[in-house]
Structure formats: C-alpha cells, structure tokens
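The values are calculated or read from the model by the stated rules, or taken from the named source; none is laboratory data. What you see is a predicted model, and the numbers here were worked out from it, not measured in a lab. Cβ: placed from backbone, ideal geometry, glycine included. Neighbour counts: every protein chain shown.
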Amino acid sequence: MKIFILIRNRTGHDFSQYKKSTIYRRVGRRMNIHQIEEMSQYLRYLQKNPNEIDLLFREFLINVTSFFRDPEAFESFKKVVSKYIIEKKSELDTFRIWVPGCSSGEEVYSIAIVIQEILEETNKHLEVQIFGTDLDLNSIKIARSGTYSDIIIKDISPERLKKFFYKNENLYTIKNNVRDTVVFANHNVLKDPPFTNLDIVTCRNLLIYLETEAQEKVLSKFKYSLNKYGLLFLGPSENIGEFIDTFTVLDKKWKIYRSIKSKGSRFDFGKNPTFPVEKNSINFGSFELDPLETKPGTSMNIINTAEKNLVDIFAPPSAIINNLGEILYIHGRLGKYLEPSPGKARMNILEMAKNSIKLGLSSAIGNAVSNNKETVFESLKIDDESGKDYVKLTVRPINEPDTVQDLFIVSFEPAMPEDKNEDKITLDPLSKSSEHIKALENKLKLTTERLNSTIEEMTTSNEELKSANEELQSMNEESQSTNEELETSKEELQSINEELTTVNNELQMKIDELSTVNDDMTNLFNSTEIATIFVDNDINIRRFTEESTKLIKLIESDVGRPLSDITSQINYPELIEDISQVIKKVAFKEKEVNTARGEWYKVRIMPYKTSKNVIDGATITFVDISNIKNIQEKMQSALNYAEDIINTVQEPLLILDQKLAVTSANQAFYETFKLNKSDIENMKLDMINDGDWNIQSLLKQLELTLKENIELKDFEFQNYFKDVGHKKIVLNARKIYRGDIDTELILLSIQNI
C-alpha cells in the first residue's frame, strides 16, 4: 500500500503490520472529511499535502484511553499483584512495570495508584519504577504533564481524586508521590528493544490493532521482558495466542497471565532506546550501562588488574576504587577499617570508613586523584574496642594501558617505619602537620573546583528549566484553548449522539417492520400452496417455499447450492436452460409439464428484479393444474361426444357465436349445401358462399335470439343457393351455453322442405 510508504518516509514508522480493516476505516474517515471517493485521488492528495500525512499518522495511532478502564479488571489486577508479586518482594526491592502503548498516560497513572494502594495496605516499602511508552510524542507530552480536565471525575472515585490529585479550577494534576514513580518515553514496541527484568507488563487493547504476526512478535518481547513468574495484563478482547505454554491464566475474563518459564538466552532487539531526561529519573534495567563499565570486558579488566597490582604490593587488605570513591573490588578483610553505613546499602569507601580514619582517607584519595601519584599516611590512629592502633594507609593510582582509567588501590596495613620514595607523597599527621595542611588544602581545592563545576551545571540546568517552564506555560495556554474546543466538540458530539440514538431507534423500528413483513411473506407463500423457488444470477438457490419441496427435494442446507444439483420429479429437462435465457433476455417463460406421478403443473419463470430495477436472478413458480387438466379432458370428451351426436343427425345444423360467425357445422349441412369445413368455419353467416345466407330478416331474428334469448321457431324462407339452386327452408334456433370456453352460442337447425 503506497500510503504506508508515504507515512514511513515522513515519520519513520511502518504501519504495514496493523490490521487492514482498521487502516481502511481510518483512511476512509479522512477521505470522507475531504469528500474524496477514490483511493487513487486520496493518494495524490497525500503526495501534494504532507500535512495530511501527519494527520493520517495521528489518525492511525487511535489514542483511546481513560482512568481505570474496566474497573472490575483493575480490582482483579490489584488482588493478583498483591498475592503474586508484592508478597514475594523483600523490603527495599525494586518493583518494575512497563505499560507500552500508554497514550496520554491515564492507564499508567491508574496502575501507579493501584500499586501505591497495595503498598500502603501491605505496609511494604519498595522502589517502584513504572515505564510508560507510546509512539505518539504529543500523547507523551500530555502524559508527562500529568494534568487532565475534570472529565476524569466520572472514572475516578472522589476518595482517589482527593488522595492522588491536586485540583486547580477545572484541572486535575497527579501528585508527586505518584508522578515520581513513573517515566514516560517515546517508543515503538514493534521495532525498538523492550525493557527487561520486569515484574509486570500491562498492554491493554494494543494487540487488537495488529496483525497476527505482529502480535506474536510483541508477545515474544513481553515474554523476554518479564522475570520468571512476572504478570502480563492484556485487554478483554486479546489473548496470548501461541504462547500458552509460556503463561498460566490467573484471570480468564480480564486476561491476567503469569509467566511460568524463565526467559532464554539474551538476544538482540536492536539499538538501545533513547529516553528524555526527567526529574527523578531512574535507571532502565539492562539498558543502562554501569557507570564503571566504560567498554566491553571492563569487569574482567578490573579483576585482572586487581590481582596483578595486589600481588605487586604483597596483597595487604585492599580495595580498588574509582575517582569517586566507589568500591569495585575488595581483597582481604577490611572490617577493621570499613563498616557499612546505616540506611540503603552503599559501596562508597568514604561513607564506609570509620570516623577516625575518614579525614586521612579523604585527604589521601584527594591527593592521589589530583597528583596522580601514590599517597601514603604512615600512621593513622584507629580507635576501636581493642584500644588505639595505627594503620599505614596507601592510595596508589593504577596507570596501565588497556584498562579502566581513574582507578586507585587503597591498602590498609599495620603502621611501619617511614618508607620514602620520590614517586610517593608521604603524610604523617602526627609529626608533619604542614604536609597534612597541604593535603587538606589540596582536598579543599579539589572540592572547590568540583563545587564550582556543580554550580555551573546547576546554573545551566536552571536556565534550561526556565526555558522548559516557559514552554510548559505556553503549552498550558494551548491546552486550555484546546480544552474549550473539546468542550464545544463534546456538545456537538452529544447532539450527534442524540441524533444517532434517534436514527438507531428508527432503524430498529424498520428492522422490526422488515421482520414482520418477512414473516408475512413467508406465511403468504406457504398459504398460497404454490411452489416457488428464487435463484440468483448463477442459478444458485436463494430461497424456496415449503410447497416446492414436494416437487424438488430441497432442504434448508441447500440454500446457496446450484439448482441443477438437486433431484427433481418434474419432466422438464430444459428448466436450467430456460432460467438462464430468462435472466439474459429479461423475458418470462411459461410451460405446462407433468411429473412422474402423473400430476400437471404450469411452470412460470420470471426475472427477479431488485428495488433498483436490476436483474438479480429469477423466480420459478409451479402451479398445480392437475384438476384443470382433468376437467379439460372431460370437457373435450363431452365435446367429442356432442359432435358425434350432431354428426349423426340427418338435418343440417349450424353453431354460431355472438358475432353470428360459424364455429362448427354437421356433416348433413356440408352435404346439403355442397360446402367444405374450410369454406365456412369462423366465417360470418352473411358471408358464406358469396352471400347465400345474407338474409336480413334471418339475421335480425338471430340477433334477438342472442340478446333477448327469444327462440326462433319455424322461420320459413325461400332462397337461391349458388351451388344447390332454389330451396325452401324452415329454420329453428335457440341460444346455448358452452362452458369450456365460457361463451353463449346459437344452435341453428335447417329443414329442407
């Protein structure tokens, strides 16, 4: 799809793995806005208007979210997290959660609030880290602000609003104790690497917009991200697909799963994601390099370096530190000189040093860092339970190629005689106060420089914060303006919703009416007892009445099958061909056919026309005419019987219709007047044999017989007949009724005297 290429070239994001139905709906919506009917026209419009590409990109993102969406799901989530995660955590453990596709942050803050409530209820103290990520930078900006309009009050209880939000006029802002646990970042869950070492991944209603292959790819990342026994929280319409052996179901309805397999060997997901710096930012698990690991193999270099250098100085109790005093490696027992400080565990040598040697240790490290030379305190006094003792303190820089820079070895050994060396700075606080003062001055100088550098950095940061604050104020004004527009849009949407409700009611009424009409039609067809079959243009069965099953063996499952595949009892081999001709020529056919049982049916095939006057198949009706056929046969038999009687009568007889035209005559008439049947049949009486019977008085009497049912008796006349000469004739006539053709006739008898 060329639209995907345009969006990828402009935004860098590929939507080819999104569900096509969703994409078509979103594209169709933009086309309707611009009143564009053809996809090719919209494609040209995109090529000419790059801003439309940005709007379509935001249309694809589908930012639909709210606080505590599906409250029952969050209640279940709270119980599961408390039981399976919080109870297993020790004090001061880290609790890590990832919410991909977080949109404007409501889901993330909902999770954060639930976690805060669980910690308060269980009286646990954990370090909570929640990562909210989304593709849409605008949504991430809203999420970072943590400020929402008062529309959220319909989703959040008054107690939670009071406890976790600040209210400012019509705006609600999340409180710092919740905000500080959350970090938001721009992230593409399909192509960017995932977070790791997670206790929970909550991804609700994102997978429903992805194709199956993309869903499996995302679920694979979730499986890798989660710790063993971590939780996966999906939307109510989503599932884990082929990963059923990796997760166990904790809540089937609200789609909460528990990881039951530890993740396999680590694999590459691509480059590490880049995250914006936020206040109170926290590390991102395996994506944040240890500050000491400046290059691959650093840890092994430190160990090798430690072993080599500690052997060189006869391995007294020692520690390897960096220029910040962080302990990287310990050799021997240092409990006499160092002890853990109260509170959170730290590995800084100055914080762990006993008070009696802390000043000297700080001075020695400062000198070694500043001068890059070995610094020695020959006899530092140590106060402990055994009394006063002295220690020789040595801080030596490690200057070796192919290893970590700015590392130092700090060695502790019992006090020994001075051992002066040109490469060493030796300080004796008991005898050489000037050197001690000099060391302190160096320390102070170093501290001052660091302080000045820190102040400069803080000044720069302060300027940046001021600039950011101005931008936020500007964004706030824009948000207020947007909020007013949204309020207007809300009113319009409410109006549209009311209209839609009205239309929906009307449609429901139409559906009910159509259902009633359909029932009426079904009952009508069945009550007529006329076999009827409806077929489409391919002569596949569309519908049929019950009566038709007596002629063609049809069942409900035959709908959609070709009519030619169904066994029929009708002797009509040309049926399918005739139906095809009717559909093509838009003309009806009618034919009388019989069945194997001797029944007769009149088959009528007519085109099936839609309301738009489009031919969409044919209608075939079968009318039972067996009784009519029997009556016709009986009438024909009676007629033949009557004709036989008439033909045996010796007097000439004529039968005339209402127009005084001859319908039939007996054999005596033909012989008497020397005529043939073809000479008089269907001919008017006055026209027979060039006017032989054109006798006006006779014609008038016959008309009276028809109209007033007056019998003609012994009507006598003489006439010259062309072929037989002069004759004297007596006529008698009366009106008769012929039922087979439903008409009145005149029977005229002729006596030759």
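If I go through the range 636-663 residue by residue, how many of them are out of contact with any Leu (no Cβ under 8 Å at 6 or more places or on another chain) and closer than 19 Å to ASN732 by Cβ? Spell out the reasoning first.
Here is the first cut: in the range 636-663, the ones out of contact with any Leu (no Cβ under 8 Å at 6 or more places or on another chain) are 636-645, 647-652, 659.
Cutting the leftovers down to closer than 19 Å to ASN732 by Cβ gives us 642, 645, 647-652.
Total meeting the criteria: 8.
For the range 335-353, enumerate the residues that are in contact (Cβ under 8 Å) with a residue 24 or more places away in the chain and more than 19 Å from SER363 (Cα to Cα).
LYS336, LYS344, listed by residue number.
Show me the helices (runs of 4 or more DSSP H) entirely contained within the range 1-115 in which 3 or more residues are among the basic types (Lys, Arg). Working first, answer last.
Numbers: elements: 2-11, 20-33, 39-48, 50-61, 71-84.
Once the helices (runs of 4 or more DSSP H) in the range 1-115 are filtered for at least 3 residues that are among the basic types (Lys, Arg), what remains is 2-11, 20-33, 71-84.
I'm checking my understanding of the structure. Among residues of the range 236-262 that are of a type in the set (A, V, I, L, M) and in contact with a Lys or Arg (Cβ under 9 Å, 6 or more places away or on another chain), which one is modelled with the lowest pLDDT? Even if it seems obvious, please write down each step before you answer.
We begin by selecting, within the range 236-262, every residue of a type in the set (A, V, I, L, M); these are 240, 244, 249-250, 256, 260.
With the extra rule that they be in contact with a Lys or Arg (Cβ under 9 Å, 6 or more places away or on another chain), the set shrinks to 240, 249-250, 260.
Values: ILE240: 87, VAL249: 91, LEU250: 93, ILE260: 84.
Within the range 236-262, the match that is modelled with the lowest pLDDT is ILE260.
Restrict the check to the range 690-702 and report whether at least one residue is touching a Lys or Arg at 6+ places or on another chain (Cβ under 7 Å), modelled with pLDDT under 85 and within 17 Å of SER749 (Cβ to Cβ). Even if it seems obvious, please write down each step before you answer.
Here is the first cut: in the range 690-702, the ones touching a Lys or Arg at 6+ places or on another chain (Cβ under 7 Å) are 690, 692.
With modelled with pLDDT under 85 added as a condition, the list becomes 690, 692.
Those still in the list that are within 17 Å of SER749 (Cβ to Cβ) too: none.
Within the range 690-702, not a single residue is touching a Lys or Arg at 6+ places or on another chain (Cβ under 7 Å), modelled with pLDDT under 85 and within 17 Å of SER749 (Cβ to Cβ).
Go through (1) assigned to a strand (DSSP E or B); (2) within 28 Å of SER637 (Cα to Cα) and name the single condition LYS713 misses.
Of everything listed in (1) assigned to a strand (DSSP E or B); (2) within 28 Å of SER637 (Cα to Cα), LYS713 misses just condition (2).
Examine the range 200-213 for a residue that is part of a loop (DSSP other than H, G, I, E, B), in the same structural domain as ILE86 (by TED's automatic domain parsing) and surrounded by fewer than 16 Cβ atoms within 10 Å (Cβ to Cβ), and state whether such a residue exists. Can you show your working first?
Pass one, the range 200-213, residues part of a loop (DSSP other than H, G, I, E, B): 204-206, 211.
Checking the rest, the ones that are also in the same structural domain as ILE86 (by TED's automatic domain parsing) come to 204-206, 211.
Adding the requirement that they be surrounded by fewer than 16 Cβ atoms within 10 Å (Cβ to Cβ) leaves 211.
Checked against the condition, which is being part of a loop (DSSP other than H, G, I, E, B), in the same structural domain as ILE86 (by TED's automatic domain parsing) and surrounded by fewer than 16 Cβ atoms within 10 Å (Cβ to Cβ), the range 200-213 yields at least one hit.
Take the conditions surrounded by 10 or more Cβ atoms within 10 Å (Cβ to Cβ), modelled with pLDDT of 70 or more and not polar (S, T, N, Q) and apply them to ILE455. Does it pass?
Numbers: surrounded by 10 or more Cβ atoms within 10 Å (Cβ to Cβ): yes; modelled with pLDDT of 70 or more: yes; not polar (S, T, N, Q): yes.
Here the answer is yes, as ILE455 does meet what is asked.
Kindly state which strands (runs of 3 or more DSSP E) lie completely within the range 584-627 and contain at least 2 residues that are hydrophobic (A, V, I, L, M, F, W, C). I'd like the intermediate steps shown before the answer.
Numbers: elements: 589-594, 600-609, 615-624.
Strands (runs of 3 or more DSSP E) meeting the threshold: 600-609, 615-624.
Of all residues in the range 347-388 being surrounded by fewer than 19 Cβ atoms within 10 Å (Cβ to Cβ), of a type in the set (D, E, K, R) and more than 60 Å from the chain's Cα centre (by Cα), which is modelled with the lowest pLDDT?
Across the range 347-388, the extreme among qualifying residues is GLU385.
What single numbered condition from (1) at pLDDT 85 or above; (2) not in a helix (DSSP H, G or I) fails to hold for LYS344?
(1)
Kindly provide the set of residues from the range 540-575 that are in contact (Cβ under 8 Å) with a residue 24 or more places away in the chain and either more than 24 Å from ARG597 (Cα to Cα) or in a loop (DSSP other than H, G, I, E, B) (or both), ordered by number.
Answer for the range 540-575, where residues must be in contact (Cβ under 8 Å) with a residue 24 or more places away in the chain and either more than 24 Å from ARG597 (Cα to Cα) or in a loop (DSSP other than H, G, I, E, B) (or both): ILE541, ARG542, LEU551, PRO562, ILE566, GLN569, ASN571, TYR572.
Report yes if some residue within the range 552-568 is surrounded by fewer than 16 Cβ atoms within 10 Å (Cβ to Cβ), within 47 Å of the chain's Cα centre (by Cα) and under 25 Å from ILE628 (Cβ atoms); otherwise report no. Give the steps one after another, and end with the answer.
First pass over the range 552-568, keeping only residues surrounded by fewer than 16 Cβ atoms within 10 Å (Cβ to Cβ): 553, 555-557, 559-562, 564-567.
Imposing the further condition that a residue be within 47 Å of the chain's Cα centre (by Cα) reduces the set to 553, 555-557, 559-562, 564-567.
Now restrict to residues that are under 25 Å from ILE628 (Cβ atoms): none.
No, there is no match, as no residue in the range 552-568 is surrounded by fewer than 16 Cβ atoms within 10 Å (Cβ to Cβ), within 47 Å of the chain's Cα centre (by Cα) and under 25 Å from ILE628 (Cβ atoms).
Is the range 8-29 home to any residue that is modelled with pLDDT of 90 or more and not polar (S, T, N, Q)?
First, pick out the residues of the range 8-29 that are modelled with pLDDT of 90 or more: none.
No: zero hits.
Rundown of residues vs (1) part of a strand (DSSP E or B); (2) surrounded by 15 or more Cβ atoms within 10 Å (Cβ to Cβ), yes/no style:
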| position | (1), (2) |
| --- | --- |
| ASN689 | no, yes |
| LYS700 | no, no |
| LYS707 | no, no |
| ILE750 | yes, yes |
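Here is a list: VAL582, VAL593. Which entry is β-branched (Val, Ile, Thr) and over 13 Å from ILE539 (Cα atoms)?
Working: VAL582 fails: over 13 Å from ILE539 (Cα atoms).
VAL593 is the lone residue from the list that is β-branched (Val, Ile, Thr) and over 13 Å from ILE539 (Cα atoms).
Test each condition in (1) over 26 Å from GLU120 (Cβ atoms); (2) buried (at least 19 other Cβ atoms within 10 Å of the Cβ) for ILE174 and report the one that comes out false.
Failed condition: (1).
What is the number of the single condition among (1) of a type in the set (Ser, Thr, Tyr); (2) surrounded by 11 or more Cβ atoms within 10 Å (Cβ to Cβ); (3) at pLDDT below 85 that THR621 does not meet?
Of everything listed in (1) of a type in the set (Ser, Thr, Tyr); (2) surrounded by 11 or more Cβ atoms within 10 Å (Cβ to Cβ); (3) at pLDDT below 85, THR621 misses just condition (3).
Yes or no: the range 78-91 includes at least one residue that is under 23 Å from the mean Cα position of the chain (by Cα) and either surrounded by 16 or more Cβ atoms within 10 Å (Cβ to Cβ) or farther than 17 Å from LEU126 by Cβ (or both). First the steps, then the outcome.
Residues of the range 78-91 under 23 Å from the mean Cα position of the chain (by Cα): none.
Among the residues of the range 78-91, not one is under 23 Å from the mean Cα position of the chain (by Cα) and either surrounded by 16 or more Cβ atoms within 10 Å (Cβ to Cβ) or farther than 17 Å from LEU126 by Cβ (or both), which makes the answer no.
Among what's in the range 500-539 and is outside any helix (DSSP H, G or I), among the acidic types (Asp, Glu) and modelled with pLDDT of 85 or more, pick the residue that is surrounded by the fewest Cβ atoms within 10 Å (Cβ to Cβ).
Filtering the range 500-539 for residues that are outside any helix (DSSP H, G or I), among the acidic types (Asp, Glu) and modelled with pLDDT of 85 or more, the one surrounded by the fewest Cβ atoms within 10 Å (Cβ to Cβ) comes out as ASP538.
So which pairs qualify, if the first residue must be in the range 1-30 and loosely packed, with under 14 Cβ neighbours inside 10 Å, the second must be outside any strand (DSSP E or B) and of a type in the set (Gly, Ala, Ser), the Cβ gap must be under 7 Å, and the two must be at least 6 apart or on different chains?
That search, which allows pairs on different chains as well, returns nothing.
Residues checked against (1) within 30 Å of ILE260 (Cα to Cα); (2) out of contact with any Asp or Glu (no Cβ under 8 Å at 6 or more places or on another chain); (3) of a type in the set (Val, Ile, Thr):
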| position | (1), (2), (3) |
| --- | --- |
| GLN35 | no, yes, no |
| ILE62 | no, yes, yes |
| ARG69 | yes, no, no |
| LYS83 | yes, yes, no |
